Amino acid sequence: RIHALRTLTTESVAVLMPFKAQELNHTNGIYYGQNAVSGNMIRIDRAQLLNGHSFRLGVSGSGKSMSAKEELVEIALRTKDDILILDPESEFGQLVKALGGEVLPISPHSSIHLNALDIDRAYDEGKTPLVDKVKLILSVFEPLTENGLTAKQRSILDRCARLVYREYIRGGYRGAPPTLVDLRRILLEQPEAEAHDLALASELYTTGSLNIFAHQTNVDTGARILCYDIRELDEQLRPVGMVVTLDAIFNRVIQNWKKGKTTWVFADEFYLLFRYQYSADFFYKLWKRIRKYNGLITGLTQNVDELLRSDTARLMLANSEFLILLNQSATDREELAKLLHISDTQLGYITDVPAGCGLIRCGGQLVPFTNAFPQNTDLYRLMSTRPGEMLN
């Protein structure tokens with residue numbers, strides 16, 4: 001016998017105990033499934049995290065949309081928060097209508113208009129709201145030029161933007177804000193040839209056939225649950241359309257913040273936003289700033305490989321406190337394992353697993369989960385996008 005004692009810390013004992021399982025159970029949290037190890041419920045309050053932004057990643061059919069819709073339904077039924085959805089694939093409309101929300105089909109064939117120059121006094125926290133709006137105007141005009149805006153064209157647009165907003169701002173942001181048609185008129189009044197070139201380049205989107213963002217907003221965007229359906233935006237309109245729609249969402253978030261309300265934003269197939277530098281930059285700005293305005297973003301995508309080609313997207317994923325990883329392709333698993341430090345054992349929970357099963361990363365903790373929703377319900381048929389399962 002050796003007359004010696006050694007202290008065994010609680011952490012060391014936990015390693016030796018075969019009954020240890022990481023649990024996620026926040027008071028008043030939203031239900032996200034069952035712990036695959038312990039079978040206990042997983043309930044998470046995203047507002048308790050450092051940032052409550054969430055991303056759901058998985059191959060087609062892995063259960064991304066179903067997971068997001070379950071969360072959306074619970075938010076709608078148990079809170080008074082507002083819910084805004086960017087829907088590029090028309091997957092949320094049926095559920096939104098069933099919950100009493102509004103669906104706005106944004107397309108050249110629709111009678112709906114969104115004013116790209118809508119502005120709220122609280123832009124940039126009320127300090128210099130026009131600065132952020134000028135950046136949006138530059139983003140709108142950037143795709144209209146062959147090689148991007150020159151320094152001279154940027155200066156001209158900045159000058160014209162200040163001119164077109166001058167009376168509206170002086171009037172205390174009351175009445176009807178200016179439109180792209182007004183901005184084009186101001187451009188034509190300038191002496192520089194470059195200003196006339198910009199006016200000509202914008203003609204298709206102001207007085208031409210693709211003018212859906214050049215008139216006063218003609219729909220009520222005040223519904224508690226609002227779905228922006230952008231499926232019918234073609235390749236020519238989509239870069240501008242996504243920026244304008246994100247700006248409309250940001251305006252609403254700011255208005256809710258002034259009322260003391262929380263806003264949840266869902267962006268389906270958000271890899272599309274990173275196909276264009278303008279929408280990628282705007283979405284990243286939204287992701288960074290929206291938390292200060294009581295906003296929470298949820299992004300969904302199946303094109304993980306395409307998304308991870310963007311350094312901005314990789315940064316957002318690595319710094320998000322709440323991720324739901326569903327079934328992944330082999331190449332995506334490798335990339336995500338490196339980015340999120342996932343072990344080989346944990347990778348087994350996102351490899352060839354049924355729909356609704358995977359890993360939840362919450363505040364640095366990785367927990368495997370399962371989530372089987374009862375299929376013999378109208379709610380399931382409202383949420384499902386599988387042929388033959390949807391509610392008619």
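The values are calculated or read from the model by the stated rules, or taken from the named source; none is laboratory data. Bear in mind that the values here come from a model prediction, so they are computed numbers and not experimental data. Please note: Cβ atoms are built from the backbone with ideal geometry, for glycine as well, and neighbour counts cover all protein chains shown. Ligands, DNA and RNA are excluded from the accessible area calculation, which covers all protein heavy atoms including side chains. Shrake-Rupley method; radii C 1.70, N 1.55, O 1.52, S 1.80 Å.
GNM remark for the chain: springs join alpha carbons under 10 Å apart, and the peak mean-square fluctuation among 359, 57, 347 falls on 347. Take the Cα of residue 314, step 7 Å toward its Cβ, do the same at residue 22, and the gap between the two points is 2.3 nm.
Net length available on complete extension from residue 386 to residue 60 is 116.3 nm, with 0.36 nm assigned per residue and the Cα-Cα distance removed.
What is the extension gain from residue 220 to residue 40, computed as 0.36 nm multiplied by their sequence separation minus the C-alpha to C-alpha distance, in nm to one decimal?
Here the answer is 60.5 nm.
Only DSSP H runs of four or more residues enter the estimate; each adds -39500 (n - 2.57), and after division by the residues of the chain the mean residue ellipticity at 222 nm equals -11500 deg cm²/dmol. Measuring nothing but how far apart in sequence close Cα pairs (under 8 Å, 6+ apart) lie, relative to its length, the chain scores a relative contact order of 26 percent. For the pair residue 145 and residue 291, a Förster radius of 30 Å applied to the C-beta separation gives a FRET efficiency near 0.35, rounded to the nearest 0.05. Just to confirm the filter: which trypsin sites (Lys or Arg not before Pro) across the range 309-361 are DSSP coil and have at most 14 other Cβ within 10 angstrom of their Cβ? Those satisfying the criteria are 309. Full extension of the chain between residue 259 and residue 203 yields a length gain of 16.4 nm, computed as 0.36 nm times the residue separation minus the alpha carbon distance. Rounded, prolate or oblate, given the Cα gyration tensor of the range 48-87, with a/c below 1.5 counting as rounded? Cα axes put the range 48-87 in the oblate bin.
When each of the peptides 267-280, 142-155 is scored by the mean number of other C-beta atoms lying within 10 Å of its residues, the order from highest to lowest reads 267-280, 142-155. Neighbours of residue 178, meaning other residues whose beta-carbon lies under 12 angstrom from its beta-carbon, give a summed charge of +2 when Lys and Arg score +1 and Asp and Glu score -1. The convex hull around the C-alpha trace of the range 292-356, projected and averaged over every direction, spans 5.1 square nanometres. Contact order, relative form, for the range 154-234: 23 percent (alpha carbon pairs under 8 Å, 6 or more residues apart, mean separation divided by residue count). Looking at the chain, the accessible area is 47 square angstrom per residue; that uses a 1.4 Å probe and ignores ligands, DNA and RNA.
Taking a ≥ b ≥ c as the square roots of the eigenvalues of the Cα gyration tensor, the range 130-254 is classed as oblate, since a/c reaches at least 1.5 and a/b does not exceed b/c. Here the relative contact order of the range 311-353, from alpha carbon pairs under 8 Å that lie six or more residues apart, stands at 45 percent.
Report the trypsin sites (Lys or Arg not before Pro) located in the range 44-137 that are in a DSSP loop and have at most 10 other Cβ atoms inside 10 Å of their Cβ, or state none. Passing sites in the range 44-137 are 80, 127. If R0 equals 51 Å, the separation of the Cβ atoms of residue 231 and residue 344 corresponds to a calculated FRET efficiency of about 0.85. Select one label from (1) 21.6, 73; (2) 22.5, 67; (3) 23.8, 98: the one whose number is Rg and Dmax of the Cα atoms in Å as derived from the coordinates shown. Matching the structure shown: (3). Annotation for the range 81-103 versus the range 1-76: alpha-carbon center distance of 28 Å. Between the helical axis of 277-289 and the longest alpha-carbon principal axis of the chain there is an angle of about 60 degrees. Between residue 196 and residue 47, the FRET efficiency estimated from the beta carbon spacing at R0 = 51 angstrom works out to 0.50.
When the chymotrypsin sites (Phe, Trp or Tyr not before Pro) in the range 19-93 are filtered for DSSP coil states and for at most 15 other beta-carbon atoms within 10 Å of their beta-carbon, the remaining sites are 19. Once neighbouring chains are kept in place and the probe is 1.4 Å, which whole percent of the accessible area of the range 253-392 is contributed by carbon and sulfur? Of the solvent-accessible surface of the range 253-392, carbon and sulfur hold 46 percent. Go through 97/261; 135/261; 64/258; 133/258; 133/292; 80/135 and tell me which ones have a Cα-Cα distance over 25 Å in this structure. Going by Cα-Cα distance, 135/261; 64/258; 80/135 fall outside the 25 Å limit.
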